[in-house]
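Okay, structure first, notes after.
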Amino acid sequence: MSDTIPNIPFWQYLTGYEQLRSEYLNVVDSVFMSGRLILGNEVASFEKAFAAYCGVKNGVAVHSGTDALFLALKSLDIGSGDEVVTVSNTAVPTVAAIRAAGAVPVFVDVEEESGLMAVDELAAKISSCTRCIMPVHLYGQMVDMQPLMELAGSHGLAVVEDCAQACGASYRGRRAGSFGDIGAFSFYPTKILGAFGDGGMAATSDSTLSRRLLRLRFYGIESDYHAEEPGYNSRLDELQAALLNFKLARIDTAVSSRRQVARLYSEGLAGVGDIELPAVFADRDHQYHLYTIRTAQRSSLMQFLRKRGIETRINYPTPIHLMRGYEDLGCRKGELPVTERLSEMILSLPLYPEIPHEHVSSVIEAIRCYFGTGTG
Ligand SMILES: *Cc1c(COP(=O)(O)O)cnc(C)c1O
């Protein structure tokens, strides 16, 4: 066996597709036969269903999660010279969207326990140029939103939630995307609600913002080919919307499968080696977009697993503030100590709703074996 081709993949969609293949093909055919491919009923009904799922009034479907973040900032008139406080322990697109809007990302460190935005360090990052806080609900778990919203309120700051990894996650009974001015979601295939291609959504209960978002995604036009302002083309296809609507109706099953896999990992890996398991909080609901452990022996464990055909990933290996593409921000190594330390320890294990439980057992067994506590 080659050590580069895993027989336990980190993620794949084919099993899920094959299970419902004829239904998916019916959805595709019904869109093709409808005679409408762009901004029709499928997009409108998905926007409505998704907004209801998140507990907000309006959804504006866009081309990607990055676009949802970017257009959210544009709709709030955040741009040149404005600072947006976010984290460096995130996917590149969080920060790319801030830069694309012309604003300046300012990084706050993360909490040791959760790896999420350290809300108690936010106040120190707020300057006279700060306009917005962009919390990132990473791995499927939400940031501590109550103190964050209080701080934003007292400083008059907008809040754009990066919900790309946290579709359906909740905090004190309310879902991700329903706290800030706008919640930005991604339907990239690997995400909790994944399209068969790219997709995103900006969710908001503010009807002025949703109207602005609707025209920004459509060349700035509201009607009659007349642009009210310079805009963009950032639409979700009818085809993807119809497929996403179909999957949204089944999301509870998919999420409970994710949780079941997470439970198996947590039971099987408790007390093994120096492993730290994902933190869980009584007031938050984890959706397990990723199951990310920590270990000081990350690279040798990863290599050991790879040799056994088990694919793992690092989400994410380099904090954004240390990337070449963001050198001009002038950040230095050592500036965000918790973020930097965690980036050397985190390791995400194979996880998707249809992952065979034998694969999960094999991963657990291999990790136990690495730490000398397994039977193999
Ligand atoms: C996936 C992701 C995005 C971007 O979504 P795309 O749909 O790929 O543009 C933004 N932020 C985070 C945290 C993500 O994981």
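Worth a mention:
- Within the shell defined by Cβ-Cβ distances under 12 Å, the residues around residue 56 carry a net charge of 0, with Lys and Arg each +1 and Asp and Glu each -1.
- Average Cα contact separation per residue, the chain, under 8 Å, 6 or more apart, as relative contact order %: 22
- Farthest toward the positive end of the dipole of the chain, out of 107, 282, 88, is the Cα of 282, where the dipole comes from beta carbon charges about the Cα centre.
- For region 231-376, convex hull of alpha carbons as volume per residue, Å³: 192
- Binning the C-alpha pair distances of region 296-376 at 5 Å intervals from 0 yields a P(r) profile of 3, 13, 20, 19, 15, 11, 9, 6, 4, 1, 0 %, listed from the shortest bin outward.
- Extended-chain gain in nm, criterion 0.36 nm per residue less alpha-carbon gap, residue 146 and residue 266: 40.4 nm
- Binning all Cα-Cα separations of the chain at 10 Å, short to long from zero, yields these whole-percent fractions: 5, 24, 31, 25, 12, 2, 0.
- Scattering from region 97-222 was approximated by placing one identical point on each alpha carbon and applying the Debye formula without solvent; log10 I(q)/I(0) at 0.21 1/Å stands at -1.39.
- Order of 373, 312 under a 10 Å beta carbon neighbour criterion, fewest first: 373, 312
- Residue (of 355, 272, 369) at the positive-pole extreme of region 235-376, dipole from beta-carbon charges: 369
- Note on region 243-305: percent of Cα-Cα distances in each 5 Å bin, starting at 0 and stopping at the bin with the largest distance, equals 4, 15, 20, 21, 16, 10, 8, 5, 1.
- In terms of surrounding Cβ atoms within a 10 Å radius of their Cβ, 151, 71, 216 rank from fewest to most as 151, 216, 71.
- Reciprocal of mean inverse Cα separation for region 1-140 (Kirkwood radius, Å): 18.6
- Size of electric dipole in the chain: Cβ of Lys, Arg +1 and of Asp, Glu -1, about Cα centre, debye, nearest 20: 520
- Once you divide the Cα radius of gyration of region 65-142 by 2.2 N^0.38 Å, the number left is 1.04.
- Residue among 22, 240, 170 farthest towards the positive dipole end of the chain, charges placed on Cβ: 22
- Percent of Cα-Cα distances greater than 16 Å, calculated over region 101-143: 39
- In this Cβ point-charge picture (+1 for Lys and Arg, -1 for Asp and Glu), region 1-148 has a dipole of about 620 debye about its Cα centre.
- Top of 277, 14, 209 by mean-square fluctuation, Gaussian network on the chain, Cα under 10 Å: 14
- Distance-filtered residues of region 331-354 - backbone nitrogen under 20 Å, label point 7 angstrom along residue 17 Cα→Cβ: 351-354
Coordinate-derived values only; no laboratory data. Since the structure is predicted, the reported quantities are computational estimates derived from the model, not experimental observations. Cβ coordinates were reconstructed from backbone atoms using ideal geometry, including for glycine residues, and neighbour counts include every protein chain displayed.
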